[in-house]
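First comes the structure, then the notes that go with it.
Values quoted throughout were computed directly from the atomic coordinates according to the rules given, and no laboratory measurement underlies them. None of the values given here were measured: they were computed from a predicted structure. We place every Cβ from the backbone using ideal geometry, glycine too, and count neighbours over all the protein chains shown.
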Amino acid sequence: MSSEKQNTRAVADTVWLLLLGTAMAVNIWLIFGFAPLERTMGLMQKVFYFHVPAAWVSFLAFFVTFCGSITYLITKREGADRLAAASAGLGTVFCTMVLITGPLWAKPIWGIWWTWDARLTSTFVLWLLFLSYLILRSYLPATGTRRQTLSAVIGILGFLNVPIVYMSIRWWRTQHPQPVIAGGDDSGLAPDMLVTFFFSLFVFTLLYWVLLRLRLRQDVSERKLRALQRRETAR
Amino acid sequence: MRTLRNILLLVGKDIRLELRTKQGVVSMTVFSILTVLLLAFAFEPGREETEWIGPGLLWIAFSFAGTIGLETTQTSEREEGALEALRMAPVGRGSLYLGKLIANVILLSVVELVTLPLFGILFNFEVLPMLPELLTVQFFGTIGFAAVGTILAAVTSYTKLRGVLLPVVLFPMIVPVLLAAVEATAAAFRGDPMTGALRLLIVYDIVFVTTGVLLFGSVLEE
């Protein structure tokens with residue numbers, strides 16, 4: 001890679017990081033300084049601005065894994081596989097965040113850490129699915145295209161499972177509240193809360209995007225390093 | 001027509017292999033019975049509890065035994081270059097998948113049919129009156145289990161750890177099957193209709209058999 005190209009990359013990185021940093025600071029102010037306190041839940045409700053965006057990003061990340069997996073199987077382009085794997089890793093991290101903030105919120109509001117409700121359970125299963133994707137991937141041989149193809153198969157099967165797990169909501173009793181945005185008639189957020197929520201959604205998506213870029217770049221560097229090491233040992 | 005004949009030939013191959021060695025059925029059945037026994041020790045269910053935990057107990061036993069079954073039918077392909085021969089066979093990849101799937105379903109069904117009466121005897125539970133319902137659930141549940149299991153067994157057989165990873169990948173994926181099958185079995189035990197859960201099972205079967213047919217080729221190319 002030419003040094004000029006490297007320079008533009010570095011500039012782009014800085015710009016993204018600055019944008020993300022500013023947005024995150026603004027987000028924190030919006031959540032704690034701007035959005036009104038919820039009447040019954042009080043300060044605990046602030047978890048909402050982290051919990052729901054993290055859930056959204058984890059779904060987005062797994063959807064990217066799904067698309068990357070399909071693209072890889074059709075085009076056999078290595079980039080699609082790297083995108084799928086990087087996104088699965090990030091998705092697992094965000095899903096972990098959902099599973100941690102959920103009980104933290106549930107304990108003071110519902111009085112329990114966890115309940116075997118459909119939405120909680122399906123998020124838990126989603127987390128397990130992509131954890132198993134990552135585990136399996138780490139055990140597949142890195143030589144040839146085997147790891148790429150087989151991970152893609154698991155990525156597709158795993159994602160297809162998500163809506164079916166979710167369908168179980170119909171005949172399973174559910175404790176999780178209906179979605180507050182576009183949920184039922186009596187649900188809804190105060191306008192200031194809505195603004196804060198959407199901004200938080202944007203910030204989390206931005207965070208995912210910046211991390212994804214970094215992860216993919218790290219992959220490229222890693223492969224270059226491996227190639228150099230191989231050349232060194234061959235000499 | 002030819003496709004159908006090819007599939008039947010492939011199923012016949014696996015069944016004949018099993019009839020000669022009997023390694024799969026025997027270990028699966030023993031394991032299935034052992035699971036029922038261990039769970040019975042762990043929970044010591046009485047008459048009422050059996051109705052309550054019985055469905056889950058049965059399906060845990062089936063899934064554990066099924067995992068072993070998937071493993072055996074896959075391992076046999078790795079011996080003497082059987083997989084290479086299959087790859088070279090003038091048969092569509094989808095047929096290879098369906099052949100393996102049907103063989104797995106048959107193998108699992110045999111084990112389930114042995115476990116079920118044994119469960120009835122050990123727990124003093126009348127399974128005969130609800131047999132048609134139970135067999136329906138078993139049929140669709142087993143297809144769903146094997147649809148995902150067949151392809152995952154092929155995938156995990158390429159890893160260094162072979163079968164060890166199969167349950168790790170398989171169990172999160174069969175959560176819907178397990179949920180719906182347990183729910184439907186419980187409904188059958190109570191004498192209730194089981195339409196909702198059964199419908200979910202059928203949807204699952206259709207989605208994953210189709211996906212399996214489409215994806216098995218990629219798995220085999222590797």
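Only helices at least 15 Å long along their axis, Cα-based, and averaging 0.5 or more on Kyte-Doolittle count here, so list those DSSP H runs from chain A.
Numbers: long enough: A:3-29 (39 Å, 0.39); A:48-75 (40 Å, 1.48); A:78-110 (47 Å, 0.78); A:118-139 (31 Å, 1.20); A:146-167 (33 Å, 1.04); A:191-234 (64 Å, 0.24).
Within chain A the helices that satisfy the rule are A:48-75, A:78-110, A:118-139, A:146-167.
In the range A:61-162, which chymotrypsin sites (Phe, Trp or Tyr not before Pro) fall in coil by DSSP and have 16 or fewer other Cβ atoms within 10 Å?
Numbers: sites: A:Phe62, A:Phe63, A:Phe66, A:Tyr72, A:Phe94, A:Trp105, A:Trp110, A:Trp113, A:Trp114, A:Trp116, A:Phe124, A:Trp127, A:Phe130, A:Tyr133, A:Tyr139, A:Phe159; in loops: A:Trp113, A:Trp114, A:Trp116.
Counting only loop positions with at most 16 other Cβ atoms within 10 Å, the chymotrypsin sites (Phe, Trp or Tyr not before Pro) in the range A:61-162 are A:Trp113, A:Trp114, A:Trp116.
If each residue of separation counts as 0.36 nm, what is the full-extension length gain between A:Arg217 and A:Trp114 once their alpha-carbon separation is subtracted? Display every interim value, and only then the final one.
On the way: separation 103, 0.36 × 103 = 37.08 nm, distance 3.78 nm.
Separation in residues times 0.36 nm, less the Cα-Cα distance, equals 33.3 nm.
So which GluC sites (Glu not before Pro) in the range B:95-167 end up in coil per DSSP with only 14 or fewer other C-beta atoms within 10 Å? Working shown, then result.
On the way: sites: B:Glu112, B:Glu126, B:Glu133; in loops: B:Glu126.
Sites meeting the loop and neighbour criteria: B:Glu126.
For a test of the definition: using alpha carbon positions, the gyration tensor, and the 1.5 limit on a/c, classify the range B:153-222 as rounded, prolate or oblate. Mind dumping the intermediate values first?
Working: a/c = 5.02, a/b = 1.97, b/c = 2.54.
Cα axes put the range B:153-222 in the oblate bin.
To the nearest 20 debye, what is the magnitude of the charge dipole of chain A about its Cα centre, counting +1 on the Cβ of each Lys and Arg and -1 on the Cβ of each Asp and Glu? Mind showing how you got there, number by number?
Numbers: 23 positive and 12 negative charges, 238 e Å.
Computed about the Cα centre, the dipole is about 1140 debye.
Only helical DSSP H runs with n ≥ 4 go in: add -39500 (n - 2.57) per run for chain B, normalise by residue count and round the 222 nm mean residue ellipticity to 500 deg cm²/dmol.
Details: 9 runs with 188 residues, N = 222.
Dividing the helical sum by the residues of chain B leaves -29500 deg cm²/dmol.
So, in Å, what gap is there between the alpha-carbon centers of the range B:186-207 and the range A:30-77?
When both Cα centres are located, 33 Å separates them.
Nearest 500 deg cm²/dmol is fine: what mean residue ellipticity at 222 nm does chain A get from its DSSP H runs of n ≥ 4 alone, each adding -39,500 (n - 2.57), divided by its residue count? Please list the in-between numbers first.
Values: 6 runs with 176 residues, N = 235.
Result for chain A: -27000 deg cm²/dmol, rounded to the nearest 500.
Can you pull out the trypsin sites (Lys or Arg not before Pro) in the range A:1-98 that DSSP calls coil and that have at most 16 other Cβ atoms within 10 Å? Can you show the working numbers first?
Values: sites: A:Lys5, A:Arg9, A:Arg39, A:Lys46, A:Lys76, A:Arg77, A:Arg82; in loops: A:Arg39, A:Lys76, A:Arg77.
Here the sparse-neighbourhood loop sites are A:Arg39, A:Lys76, A:Arg77.
Ratio of the range B:48-125's C-alpha Rg to 2.2 N^0.38 Å, to two decimals? Mind dumping the intermediate values first?
Details: Rg = 17.1 Å, N = 78, 2.2 N^0.38 = 11.5 Å.
Normalised Rg, Cα atoms only: 1.48.
Pairs of alpha-carbon atoms within less than 8 angstrom and 6+ residues apart define the contacts here; what relative contact order does chain A have, in percent? Please list the in-between numbers first.
On the way: 205 pairs, mean separation 64.2, N = 235.
Rounded, it is 27 percent for chain A.
Under a crude label model (7 Å from the Cα following the beta-carbon direction), how far is B:Arg5 from A:Leu43 in nanometres?
My value for the distance between the label points is 7.8 nm.
For the range B:82-222, which semi-axes, largest first and in whole Å, follow from the square roots of 5 times the eigenvalues of its Cα gyration tensor?
Working: eigenvalues 194, 49, 39 Å².
Semi-axis lengths for the range B:82-222 are 31, 16, 14 Å.
Write down the Kirkwood hydrodynamic radius of chain A, to one decimal in angstroms, obtained as one divided by the mean of 1/r over all alpha carbon pairs. Before the final figure, lay out the partial values.
Values: mean 1/r = 0.0501 Å⁻¹.
About 19.9 Å for chain A.
For the protein assembly as shown, what is the convex hull volume of the alpha-carbon atoms per residue, in Å³?
Cα-based convex hull of the protein assembly as shown, divided per residue, equals 189 Å³.
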